[in-house]
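The values are calculated or read from the model by the stated rules, or taken from the named source; none is laboratory data. Keep in mind that this is a model prediction, so the values were computed, not measured. A quick note on method: Cβ atoms are made from the backbone with ideal geometry, for glycine too, and the neighbour counts reach across all protein chains shown. Please note that ligands, DNA and RNA were not included when accessible areas were found on the heavy atoms of the full protein model with its side chains. Shrake-Rupley method; radii C 1.70, N 1.55, O 1.52, S 1.80 Å.
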Amino acid sequence: MSLPNVQAEQVRSVIQRARGTALTLGIIGLVLWGIGLFNQRELAFQGYHFAYIFWAGLSIGCLGMTLLVHVVRGKWGQPLVRIFEAGAQTIVPMMVILFIPILLGMHAIFEWSHAEAVQKDPIIASKAWYLNLPFFVVRFVLYFALWSFMTYLMVRSSTQQDAAKEPVEAELISRQRMTPAALSIPVYVLAVTFFTVDMAMSLQPHWFSTMYGVIFLVGFGLTAMALATLLVLLWRDIPPYKGLIHFEFRRDWGNLLFTMTVFWSYVSFSQLLIIYSGNLPEETSFYLRRNSGGWHPVSWLIVIFHFFVPFFLLLAPRTKRIPQQLILGAVILLAIRVVEIFWEIKPAFSETFSVSLWDVAAFVGLGGLWFWAMFGYLLKRPLLPQNEPRLLEVAHEH
């Protein structure tokens, strides 16, 4: 029942080289960011905060896509699922350890963490029962514990399926995995929503939106899907992917990226429309900050490259037929996801557009460590699920 050439030396060598490069970049980035702590401490912590939300969001998105793949059990997810699982495994301990600087830089990041802000501002004071450091830490312990447990269940089940000796046993394990995956999804959605409120929306404690968590939830999943699609397409000519990544897979991946892009655009526009219609000062402050002081062109950049360009590119059947075009679509989405997270976070600290050296250093540093960890987990198991009937069926057909 196993696929041939499961972990070819060629692809192992490619991943190991990429892992070494990622670690080097990660160390250089974090060392440079560390210098910023001595020169511009507040700016450095704010840059770290932006970087952490992006890379932690990618880990969280990988977990969400892992749960989705194991619930729907479709053919489309089988070549991608090991990348999703490896990305989800970076949540603990990697993202837990990297969360420590967020706690150390609370006063540089969160206005509500200052005692004088609570005393002087009645709105912040009214939210102090929720926005306080002890409860903040408790919530994050709970988030990480829940995500870690979900990841453990999914990875353990996948490993057991790899070791199954009979087709019937492998199919039974796959079916049994559906129940915990399905039950995990509502808890996952709630945890991501509260994570978003704590890490991003609370940066402007006077502002609130019921759409905000959904925007980040879809965005995290879109980032994970774009990255996994990009990696598999780049490795499509290397065993074990060679000869397996056919048009059917590319069509499904392109359609899913298209759907997630449209859904993200829908909820983002819905938030804008509701706030614009209400025209209340406490709600419009979010967009006023992001449409002045040099942020307005960034807003249009997101509109163009997070909706219009991927919409028409992924809508075209030609994009799914030609791997290079789907790769281009994935690259565009990953790049604009970075810009979008920056646009969501940075204006809370500065009403004037700016990109500091510490923003870049933190992003490269955390990204390097993220890829180093993810590739490490990816190398520990076969790149393709073993004893997976849907994947074996595709291999047999082609």
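Observations
- Enumeration of residues in the range 271-291 that are open to solvent by 50 Å² or more (accessible area, probe 1.4 Å) and either touching a residue at least 24 places away in the same chain (Cβ under 8 Å) or over 27 Å from the mean Cα position of the chain (by Cα) (or both): I274, Y276, S277, N279, L280, P281, E282, R289
- Of the residues screened, T179 is not one that is hydroxyl-bearing (S, T, Y), under 24 Å from T261 (Cβ atoms), free of Cβ contacts under 8 Å to residues at least 40 places away in the same chain and open to solvent by 20 Å² or more (accessible area, probe 1.4 Å).
- Tally of residues being assigned to a helix (DSSP H, G or I) and open to solvent by 30 Å² or more (accessible area, probe 1.4 Å) across the range 349-368: 4
- Scanning the range 101-127 for residues that are exposed (fewer than 14 other Cβ atoms within 10 Å of the Cβ) and more than 24 Å from I53 (Cβ to Cβ) yields a total of 6.
- Checked against the criterion of being basic (K, R) and in a helix (DSSP H, G or I), the candidates R236, R250 yield just one match: R250.
- Screening R156 with (1) more than 25 Å from L280 (Cβ to Cβ); (2) touching a helix residue (DSSP H, G or I) at 6+ places or on another chain (Cβ under 6 Å); (3) open to solvent by 20 Å² or more (accessible area, probe 1.4 Å) gives one miss only, at (2).
- Among the residues making up the range 133-165, those that are charged (D, E, K, R) and without any contact (Cβ under 8 Å) to a residue 24 or more places away in the chain are R156, K165.
- All conditions in (1) polar (S, T, N, Q); (2) open to solvent by 30 Å² or more (accessible area, probe 1.4 Å); (3) modelled with pLDDT of 95 or more hold for S299, with the sole exception of (2).
- A single member of F50, F54, F45, F84 is in contact with a Ser or Thr (Cβ under 6 Å, 6 or more places away or on another chain) and either in a helix (DSSP H, G or I) or modelled with pLDDT under 95 (or both), and it is F84.
- In the range 318-348, of all residues being open to solvent by 50 Å² or more (accessible area, probe 1.4 Å) and touching a residue at least 24 places away in the same chain (Cβ under 8 Å), the one that is farthest from the chain's Cα centre (by Cα) corresponds to R321.
- The residue that is surrounded by the most Cβ atoms within 10 Å (Cβ to Cβ), among those in the range 214-262 that are over 21 Å from V14 (Cβ atoms) and of a type in the set (G, A, S), is G221.
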